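Structure first, commentary second.
The values are calculated or read from the model by the stated rules, or taken from the named source; none is laboratory data. On a predicted model such as this, the values are computed, not experimentally measured, just so you know. Positions of Cβ are backbone-derived with ideal geometry, glycine not excepted, and every protein chain shown enters the neighbour counts. Ligands, DNA and RNA are excluded from the accessible area calculation, which covers all protein heavy atoms including side chains. Shrake-Rupley method; radii C 1.70, N 1.55, O 1.52, S 1.80 Å.
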Amino acid sequence: MTNKYKYFVANWKMYGDKKSVNSLNKVIKISKISKFKRAKIIYCPPYTILGDFIKKLKNTNIKVGAQNCHFIDGEGPYTGFVSSKMIKQIGSQYVIVGHSEQRESGDTDIKINKKILSSLNNNLNVIFCVGENLKQKKKNLTKKILSYQIKKGLNKVKNYNKILIAYEPIWSIGTGRILSERELFKNIESIKLILKNVKKHIQFKILYGGSVNDKNIKFLSKIKNIDGFLIGGASQKPNKFIDIIKKSYI
Ligand code: PGA
């Protein structure tokens, strides 16, 4: 590969505790090596340790993001929720929006659009997840689904420069199954085309997510139109995460 900038987003889901910050030491060390300066590393831990990660990663080039936000901008009587304004205030720079695990618990495309708009309004970078489920894939609906999700999600968006698209086929998340090189390349090209129709002059960054690990990263890194990875399970183990980063730059 390549000496292009690549994103490595660590989505920790509902894992991690205060002691987890210690696991960042090794990754901080790697991020300082000149060969890996082009790796844009973003940690997205649960809310409970977001502050600890922000503190630990201050003065490094590793960024921190939240895994979700409420669709209402600001404050309100919404028990159990956190707004993008709060996420920004605590010092996050990123937020994941539209993850399939959130879509599953009630996120509609309209809500996702509101979340994106409120996040941008609070000057957060958005990692916007899209992807088809297995049924849709089998019915050859992938392109249609991606187009629908992207158009709805980006409705009324003005600041496209703060959006990263994460293509995550739902059936691939946590299953160990990934698309063939040809299919993956093709689906990313479809996303690019959809985005071109939305906003012609922006060069969107497109990440891939779904069962990325230290074994398949070499294969995935060869796919030229991928700008980085959204990594769940394998990002929680520092050695695996480091391996993923290292192998992406070989
Ligand atoms: P996975 O998760 O790497 O464990 O498949 C990816 C994600 O859900 O973002």
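Observations
- Taking a sphere under 11 Å around the Cβ of F185 and counting the other residues whose Cβ falls inside, with K and R at +1 and D and E at -1, yields a net charge of +2.
- Partners for K151 among aspartates and glutamates (Cα-Cα distance below 14 Å; same-chain residues under 8 apart left out): D109
- Annotation: peptides 241-247, 69-75, ranked by per-residue average of other Cβ atoms within 10 Å with the highest first, follow the order 241-247, 69-75.
- The spacing between region 1-56 and region 149-211, judged by their C-alpha centroids, is 22 Å.
- Low-density loop positions, GluC sites (Glu not before Pro), region 154-194 - DSSP coil, at most 11 other Cβ in 10 Å: none
- Greater than 18 Å apart at Cα, pairs in K4/K199; K138/K196; K18/K162; K32/K56; K18/K85: K4/K199; K138/K196; K18/K162; K18/K85
- Relative packing of peptides 94-102, 195-203, 7-15 - highest average C-beta neighbours within 10 Å first: 94-102, 7-15, 195-203
- For region 6-248, the per residue solvent-accessible surface stands at 50 Å², with DNA, RNA and ligands left out and a 1.4 Å probe.
- Carbon + sulfur, % of accessible area of region 131-171 - ligands and nucleic acids excluded, 1.4 Å: 49 percent
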